[in-house]
Amino acid sequence: GAGVSQSPRYKVAKRGQDVALRCDPISGHVSLFWYQQALGQGPEFLTYFQNEAQLDKSGLPSDRFFAERPEGSVSTLKIQRTQQEDSAVYLCASSINSGDYYNEQFFGPGTRLTVL
Amino acid sequence: GQNIDQPTEMTATEGAIVQINCTYQTSGFNGLFWYQQHAGEAPTFLSYNVLDGLEEKGRFSSFLSRSKGYSYLLLKELQMKDSASYLCAVPSGGYNKLIFGAGTRLAVHP
């Protein structure tokens, strides 16, 4: 595809439900990042994958958050037992590799999660 | 730790020039990014500065002073479509995760 895609674009969940958010990065991109963006704020880092390896998950806010990228391409962010404070836009970004700081990260349009 | 500050909101007139400032405090420095984000859309890359000075790219320019921990984004000949949030970000750690400021919401009016 031409860019990073995410699905669904919008998700409404009842408190306590589990949700799964999908990210399709740009083909061939080694690095994949998940960010959480609260309303009116900048994105905040959640987790990072290099191919299928999850090398940094320091930003995941609780053990209810889990991410995977089993084949080194598509990634899924799963949130268990959603809470109202999980309401945010979840952004996925990919870059060609992580070795150089100037590598641009390409962002997807995000999934807006609303927990009622 | 990392700390990035930028103004919350700015307004400007179509055709004018606006400067959006960003100050940062980082442990180590590996450059600074500016991204543009229209409401409900993905952030898109505008610029990356790692050396001091001004880099010009069409109507947009970005400036960096490493000694002052300061950057600005300069937008010339403003158009209505420039109404968006502008995010200042620095890469951090070994994997280039981005640390973002809260963003500056720019409103351009006729």
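Take the range A:30-74 and flag every residue that is under 20 Å from B:Phe100 (Cβ atoms) and outside any strand (DSSP E or B).
Hits for the range A:30-74 are A:Ala38, A:Leu39, A:Gly40, A:Gln41, A:Gly42, A:Pro43, A:Lys57, A:Ser58, A:Gly59, A:Leu60, A:Pro61.
Take the range B:83-110 and flag every residue that is at the interface with chain A (Cβ under 7 Å from one of its Cβ atoms) and polar (S, T, N, Q).
B:Asn96
In the set A:Gln105, A:Gln84, which member is on the phi < 0 side of the Ramachandran plot and surrounded by 14 or more Cβ atoms within 10 Å (Cβ to Cβ)?
A:Gln105
Pairs under 8 Å by beta carbon, first residue touching a residue at least 40 places away in the same chain (Cβ under 8 Å) and more than 21 Å from A:Gln37 (Cβ to Cβ) in the range A:50-76, partner outside any loop (DSSP other than H, G, I, E, B) and among the polar types (S, T, N, Q), six or more apart or different chains?
Note: pairs meeting the criteria are A:Gln50/A:Ser31.
Is there a residue in the range B:71-88 that is within 17 Å of B:Gly28 (Cβ to Cβ) and in a loop (DSSP other than H, G, I, E, B)?
no
Surrounded by 22 or more Cβ atoms within 10 Å (Cβ to Cβ), over 25 Å from A:Leu39 (Cα atoms) and within 14 Å of chain A (Cβ to nearest Cβ): is that true of B:Leu64 in this structure?
Yes: the conditions hold for B:Leu64.
Quick check: is even one residue across the range B:49-58 closer than 24 Å to A:Ala93 by Cα, of a type outside the set (A, V, I, L, M, F, W, C) and facing another protein chain (nearest Cβ under 10 Å)?
Yes, the conditions are met somewhere in the range B:49-58.
Looking at the range A:9-29, is at least one residue within 9 Å of chain B (Cβ to nearest Cβ), assigned to a strand (DSSP E or B), touching a residue at least 24 places away in the same chain (Cβ under 8 Å) and over 18 Å from B:Asn96 (Cα atoms)?
No: zero hits.
For the range A:30-65, which positions are farther than 16 Å from A:Thr111 by Cα, more than 10 Å from every other protein chain (Cβ to nearest Cβ) and surrounded by fewer than 18 Cβ atoms within 10 Å (Cβ to Cβ)?
Correct list: A:Val30, A:Asn51, A:Glu52, A:Ala53, A:Gln54, A:Lys57, A:Pro61, A:Ser62, A:Asp63, A:Arg64.
Would you call B:Leu46 within 13 Å of chain A (Cβ to nearest Cβ) and assigned to a strand (DSSP E or B)?
yes
What is the number of the single condition among (1) in contact (Cβ under 8 Å) with a residue 24 or more places away in the chain; (2) assigned to a loop (DSSP other than H, G, I, E, B) that A:Arg112 does not meet?
All conditions are met except number (2).
Could you run through the range B:15-43 and say how many residues are in a strand (DSSP E or B), at pLDDT 95 or above and exposed (fewer than 14 other Cβ atoms within 10 Å of the Cβ)?
Qualifying residue count for the region: 1.
From B:Phe45, B:Phe29, which residue is over 14 Å from the mean Cα position of the chain (by Cα) and of a type outside the set (Gly, Ala, Ser)?
Unique residue meeting the criteria: B:Phe29.
Given the conditions (1) within 16 Å of A:Tyr102 (Cα to Cα); (2) surrounded by 12 or more Cβ atoms within 10 Å (Cβ to Cβ), which single one is not true for B:Asp82?
Every listed condition holds for B:Asp82 apart from (1).
The values are calculated or read from the model by the stated rules, or taken from the named source; none is laboratory data. Predicted model, so just to flag it, every value in this text is computed and none were measured. Cβ: placed from backbone, ideal geometry, glycine included. Neighbour counts: every protein chain shown.
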